[in-house]
1. Sort 314-323, 281-290, 337-346 by packing, meaning the average of other beta carbons within 10 Å per residue, with the highest value first.
2. Taking R0 as 30 Å, what's the FRET efficiency between N9 and E284 from their Cβ-Cβ distance, rounded to 0.05?
3. With a ≥ b ≥ c the root eigenvalues of the C-alpha gyration tensor of the range 97-161, is it rounded (a/c under 1.5), prolate (a/b larger than b/c) or oblate?
4. Please compute the net charge surrounding G331, taking Lys and Arg as +1 and Asp and Glu as -1 over other residues with Cβ under 9 Å from its Cβ.
5. Compute the acute angle (0 to 90°) between the alpha-carbon long axis of helix 73-82 and the principal axis of greatest extent of the alpha-carbon atoms of the chain; round to the nearest 10°.
6. Helix 214-225 versus the longest principal axis of the chain: what is the Cα-based angle in degrees, 0 to 90, to the nearest 10?
7. Quick one: go through the range 367-384 and flag any residue whose amide nitrogen is under 14 Å from the point 7 Å out along the Cα-to-Cβ line of R406.
8. Hey, quick one: spin label on L16, modelled 7 Å out along Cα-Cβ, who in the range 108-122 has an amide N within reach, i.e. under 18 Å?
Amino acid sequence: MTISPSPHNRIAQVALLTIVGALLLAPVWLVRYPPLVDYPNHLARYFILAHLKDPSLHLAQFYGSRWGFYPYVAVDLLAVALQWLLPIDIVGRVILSIYLLGLPLATYFFLRQIGCESSYLSSWALVIACGPVFLSGILNDMLSEVLCFLLLGLWLKYLTKPRVACWLALLMLGTLLYLTHLVGFVVAGFVVLTYGLLKRQSAHRLLASLSIFLPGVLLHLWSFVNGTGADVSANYHPHHYQWELGDKFALMINPFREYSRFAAAMTLAALMISLVLAVWKNRELRPNYPWLGVAGAVLLVYLLTPTSYHYLGIRLLPFLFILSLSVAKIGRRARVLGVVGLLAFVLRSADMDYGFISRQAELGRWQRSFAAIPQYSRVLPMVPLDERAFFRRDYLHFWAYGVIERGWFCPHLFHAPGIHPLVLQLPTDKIARLLAWPKASYLEPGWNNVEIDPDWQSIQRNFEYLWVYDMPRFSTPIASFGQLVYSDGTLNVFRVTSATSAGSR
């Protein structure tokens with residue numbers, strides 16, 4: 001966006017940016033519990049890693065750490081470092097704010113390198129920033145989107161004027177991207193390679209561009225040679241692969257889904273209007289062939305990736321949509337499309353604000369259940385699988401606030417080897433894989449390959465309390481060994497009365 005030298009225009013632009021920033025950050029900072037699905041689980045892990053050596057919290061009896069150059073460790077390091085200065089609740093909001101502000105700015109920087117007018121389309125990144133990926137609370141994915149487009153923008157600047165200092169900055173940024181999330185790292189590398197081939201870059205220039213990813217590739221190879229790499233094939237069976245082309249096209253609206261169907265419909269309508277405005281009788285419309293090829297290649301990868309494989313389809317869509325903003329030069333109409341995107345963001349922001357605020361009453365009731373469970377107890381959360389959109393399942397990890405507030409041991413904290421630096425000290429990994437169960441016994445488990453019913457004897461031996469949300473079919477078996485100590489409609493807390501001394505504190 002070209003900034004006018006006029007003082008009045010500068011004031012207007014600063015005011016607009018301030019209002020947009022406030023709308024972005026308001027829901028994160030105004031509510032007590034942001035209803036983001038995975039967010040509490042990540043937050044609890046950060047808290048434990050920062051306080052393992054604090055004898056007053058007794059966390060070391062349950063948890064340990066294994067630091068390494070994992071492709072997800074950067075955010076853990078950032079969160080632990082910030083806790084030297086800030087409480088964990090503020091640290092989490094700071095990280096969320098980095099994403100919400102960073103994605104539109106990184107997208108603007110990326111599109112700016114492609115063309116001045118194209119940068120107006122970065123307002124649509126505001127819509128993506130508030131989308132289902134954010135509401136799902138998958139922090140590493142979110143920050144990898146920011147770093148990916150920051151890297152691509154800086155790389156385009158490097159291609160225009162190659163300098164050693166810029167290449168070194170790209171090298172560090174590429175390594176940081178690897179340490180944040182593999183999807184963003186792979187997308188960035190794929191884009192750089194595809195663009196270089198389509199532009200028929202010289203071998204020297206192409207190798208110089210790809211070399212920024214070399215440290216990440218070497219770290220990944222080193223982790224597997226040393227047996228510390230993550231097992232990305234877990235819970236996935238290649239023989240179940242299906243092309244699922246129809247499902248993939250239907251899933252493409254996922255970045256625009258919202259709490260209310262009306263808001264989602266209006267956002268999609270704004271997108272359709274933008275497409276018509278961009279194409280209809282637009283004499284300034286010019287295809288940007290290299291980036292059209294890049295976006296097409298990423299679309300092909302998306303269509304070929306099995307939907308069930310680590311949610312890759314959902315993870316790839318924000319990258320694909322932002323790359324699609326670069327496929328054509330629209331001319332002066334880009335400003336109009338930028339305004340439409342801004343209006344769509346305002347609608348999405350209002351919908352998210354309403355969703356966040358309306359969830360606080362129930363989340364507060366869930367939090368009150370923590371008082372029924374003593375500090376440093378061994379707690380097994382039991383939550384259901386259902387057909388709701390993933391970003392609506394804020395009950396899945398809310399119990400993790402109890403780990404922060406009460407020092408519980410919960411085996412469902414994210415602690416995958418080669419991915420997370422957290423270690424469980426108690427031998428409950430088998431139970432830890434059972435994140436959730438079907439609500440009805442006749443349903444086939446479709447997520448994490450869980451068993452239809454839990455091993456009740458194993459639960460009795462290893463846990464002192466059960467935090468059970470909306471699982472009425474478990475009431476009868478739990479009643480045989482558990483005492484109800486808290487109930488609030490769909491949420492029940494049970495004390496395991498027949499627990500043995502095995503695994504006791």
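The values are calculated or read from the model by the stated rules, or taken from the named source; none is laboratory data. Quantities reported herein were computed from a predicted structural model and do not represent experimental measurements. Positions of Cβ are generated from backbone atoms using ideal geometry, with glycine treated the same way; all protein chains shown enter the neighbour counts. Heads up: the accessible areas ignore ligands, DNA and RNA and are worked out on the full protein's heavy atoms, side chains in. Shrake-Rupley method; radii C 1.70, N 1.55, O 1.52, S 1.80 Å.
1. By packing density, highest mean first, the sequence is 314-323, 337-346, 281-290.
2. Efficiency, rounded to the nearest 0.05: 0.80.
3. Oblate shape, in that a/c is at least 1.5 and b/c is the bigger or equal ratio.
4. Around G331, the charge tally is +3.
5. 80 degrees
6. The answer is roughly 30 degrees.
7. Under 14 Å, as judged by backbone N against the label point of R406, lie 367-382 of the range 367-384.
8. Hits in the range 108-122 for L16 at 18 Å: 108-113, 115-122.
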